[in-house]
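The values are calculated or read from the model by the stated rules, or taken from the named source; none is laboratory data. All values reported here derive from a predicted model rather than from experimental measurement. Positions of Cβ are backbone-derived with ideal geometry, glycine not excepted, and every protein chain shown enters the neighbour counts.
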Ligand SMILES: Nc1ncnc2c1ncn2[C@@H]1O[C@H](COP(=O)(O)OP(=O)(O)O)[C@@H](O)[C@H]1O
Ligand SMILES: [Mg+2]
């Protein structure tokens with residue numbers, strides 16, 4: 001069967017088996033899309049998005065990282081990139097999504113958000129939908145799209161998060177992190193039909209602390225909302241991570257044997273065990289929810 005035909009069918013039928021294109025890397029028929037969210041600012045969403053993306057890229061996946069923190073971009077800063085164009089240029093029609101993509105180490109491609117542009121931060125629903133739909137125009141969809149989302153529970157956050165198949169919630173052991181994560185889960189489940197969340201415990205001391213944090217969030221969410229909160233992993237508090245951020249590199253690249261880098265690699269490995277996402281519900285605006293596309297020629 002032609003690959004592009006199969007890709008087009010995956011929205012209607014259960015996704016096909018994983019493929020090996022001869023390079024030893026198994027690939028899914030359809031791009032896996034992962035939104036990294038959390039509600040609260042400063043909990044490590046961008047850190048997780050950057051390092052998870054790069055760990056997946058190091059693993060041989062074709063990964064695109066979209067900075068959806070429009071107007072306050074920081075993925076480019078974290079990776080030492082100096083974008084000349086950003087999503088604003090995509091929206092005013094002066095460039096295509098493909099032209100926006102910047103090369104980061106290990107083949108990772110980054111779509112920068114653009115910083116200090118107020119009109120981007122205040123983009124309406126049509127603007128958000130246009131950014132999401134722009135991914136349908138890619139000739140060569142990646143294996144994985146990771147979306148770094150802003151803090152809060154605004155339309156901006158909800159649209160980008162619910163457009164992904166998987167929602168990774170970054171939570172740390174602070175009351176405000178838990179309450180903000182809960183607020184986000186409530187909005188996404190009640191208004192956008194998101195039922196499953198995968199929690200990453202960040203800046204924890206050990207696995208016990210991470211599990212406790214998950215139990216706290218799962219307890220209130222199970223009780224009051226119709227959702228499933230899976231435990232996806234933990235990232236320890238690590239000075240190497242701060243050092244990497246100061247050096248504008250990913251810790252998985254700069255200090256691959258540090259505790260945080262090992263945790264990100266473990267998280268990247270776990271992604272393959274997540275199974276096929278539930279098909280997007282009809283009418284939902286989803287990344288790669290539109291046309292089929294060829295996987296060849298990345
Ligand atoms: N596991 C960690 N260990 C140490 N510092 C961390 C860790 N995760 C995040 N940080 C620090 O927290 C700060 C905020 O992280 P960031 O990813 O920008 O948060 P968010 O995107 O949620 O606002 C970063 O400057 C980073 O240095
Ligand atoms: Mg951030």
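Assorted remarks:
- Conditions (1) closer than 13 Å to residue 148 by Cα; (2) away from ligand 1 (no atom under 13 Å from the Cβ); (3) more than 16 Å from the chain's Cα centre (by Cα): number failed by residue 81: (1)
- Scan of region 75-86 for residues that are in contact with a strand residue (DSSP E or B) (Cβ under 7 Å, 6 or more places away or on another chain) and assigned to a helix (DSSP H, G or I), ordered by number: 75, 76
- Residue in region 141-161 that is farthest from the chain's Cα centre (by Cα), counting only those that are buried (at least 23 other Cβ atoms within 10 Å of the Cβ) and more than 16 Å from ligand 1 (Cβ to nearest atom): 142
- Top-ranked residue in region 91-121 [being in a helix (DSSP H, G or I) and at pLDDT 90 or above; ranked as farthest from residue 65 (Cα to Cα)]: 99
- Given (1) without any contact (Cβ under 8 Å) to a residue 24 or more places away in the chain; (2) more than 12 Å from ligand 1 (Cβ to nearest atom), index of the condition residue 226 fails: (1)
- Listed conditions (1) near ligand 2 (Cβ under 8 Å from one of its atoms); (2) over 14 Å from the mean Cα position of the chain (by Cα) are all met by residue 71, apart from (1).
- Among the candidates 176, 181, 244, the residue that is within 25 Å of residue 144 (Cα to Cα) and in contact (Cβ under 8 Å) with a residue 24 or more places away in the chain is uniquely 181.
- Check on residue 23, at pLDDT 95 or above and away from ligand 2 (no atom under 16 Å from the Cβ): no
- Filtered by the rule that a residue be modelled with pLDDT of 95 or more and in a loop (DSSP other than H, G, I, E, B), region 241-298 gives 247, 248, 249, 250, 255, 256, 257, 258.
- Selection status of residue 45, closer than 21 Å to residue 150 by Cα, within 14 Å of ligand 1 (Cβ to nearest atom) and buried (at least 17 other Cβ atoms within 10 Å of the Cβ): yes
- From 61, 30, residue being surrounded by 17 or more Cβ atoms within 10 Å (Cβ to Cβ), at pLDDT 95 or above, more than 16 Å from ligand 2 (Cβ to nearest atom) and in a loop (DSSP other than H, G, I, E, B): 61
- Checked against the criteria, residue 173 does not count as within 16 Å of ligand 1 (Cβ to nearest atom) and buried (at least 20 other Cβ atoms within 10 Å of the Cβ).
- Residue match in region 91-109 (condition: more than 16 Å from ligand 1 (Cβ to nearest atom), touching a residue at least 60 places away in the same chain (Cβ under 8 Å) and surrounded by fewer than 24 Cβ atoms within 10 Å (Cβ to Cβ)): yes
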